[in-house]
1. Percent relative contact order of the chain, based on C-alpha pairs within less than 8 angstrom and at least six residues apart?
2. Roughly speaking, what is the stretch gain from Asn55 to His74, that is 0.36 nm per residue apart minus the C-alpha to C-alpha distance, in nm to one decimal?
3. So what's the gap between the Cα centers of region 118-138 and region 72-97, to the nearest angstrom?
4. Which ordering of Cys121, Cys80 is given by a fewest-first count of other beta-carbon atoms within 10 Å?
5. With +1 on the Cβ of every Lys and Arg and -1 on the Cβ of every Asp and Glu, and nothing else charged, how large is the dipole of region 3-152 about its Cα centre, in debye rounded to the nearest 20?
6. Select from Ser32, Ser60, Tyr84 the residue farthest towards the positive end of the dipole of region 1-102; place +1 on Cβ of Lys and Arg, -1 on Cβ of Asp and Glu, and compute about the Cα centre.
7. For the pair Val119 and Arg106, how long in nm is the line joining their label points, each one 7 Å along Cα→Cβ?
8. Over 5 Å intervals from 0, what percent of Cα-Cα pairs in the chain sits in each interval?
Amino acid sequence: MNPLEALDHYRILTSLLAPALLMAATGSLLVSANARLARVVDRLRSIIAQPVPENPQLRSEVEDQIRRHRRRAHLVLRACLMLYLALGAFVGTSLMLAIDALTGFRVFYLPTGLAIVGVVCLLGASLSLGAEVSLSVRSFDLELDNEFKRRQR
């Protein structure tokens, strides 16, 4: 084997590492996001399973909790969808890099375009997860405030 050919193979394999690292990071975020979604859904189900309070103020608090948890679930779901798209784009990037190398570098922009799509989706998912965490903390603060008010009566 020609040493220059071997060097080309190493360059190609090295270029395939970047999407693989992004796939691993995306997979980690997906595991975390799916766990968050399961927790939000469980919490929402537990709220819904409670009897409807007769007190109008308590009923309003419970309805607000349901609305906030529903919003949280939608934010995490949006993040999951973007993470799945990002994962697909990174897999496509790796595949296109290999195809590009095999075809004599004829699909120059496609691997880069797929990588950009993946990174944009990863950014969007991160923003959605950040918004969900913020909403989670605000919701928890409101629940604590309401509980403190009840205990002071």
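1. It comes to 29 percent, rounded to a whole number.
2. Difference between extended and current length: 4.0 nm.
3. 13 Å
4. Cys80, Cys121
5. Value, rounded to 20: 440 debye.
6. Ser60
7. Reported label-point gap for Val119 and Arg106 is 2.8 nm.
8. 2, 9, 14, 15, 11, 9, 9, 7, 6, 5, 4, 3, 2, 2, 1, 0, 0
All of the numbers you see were taken from the coordinates with simple rules; none came from a lab. Predicted, not measured: the structure shown is a model, and the values here were computed from it. Methodologically, a virtual Cβ is constructed for each residue, glycine included, from the backbone with ideal geometry; neighbour enumeration extends over all protein chains shown.
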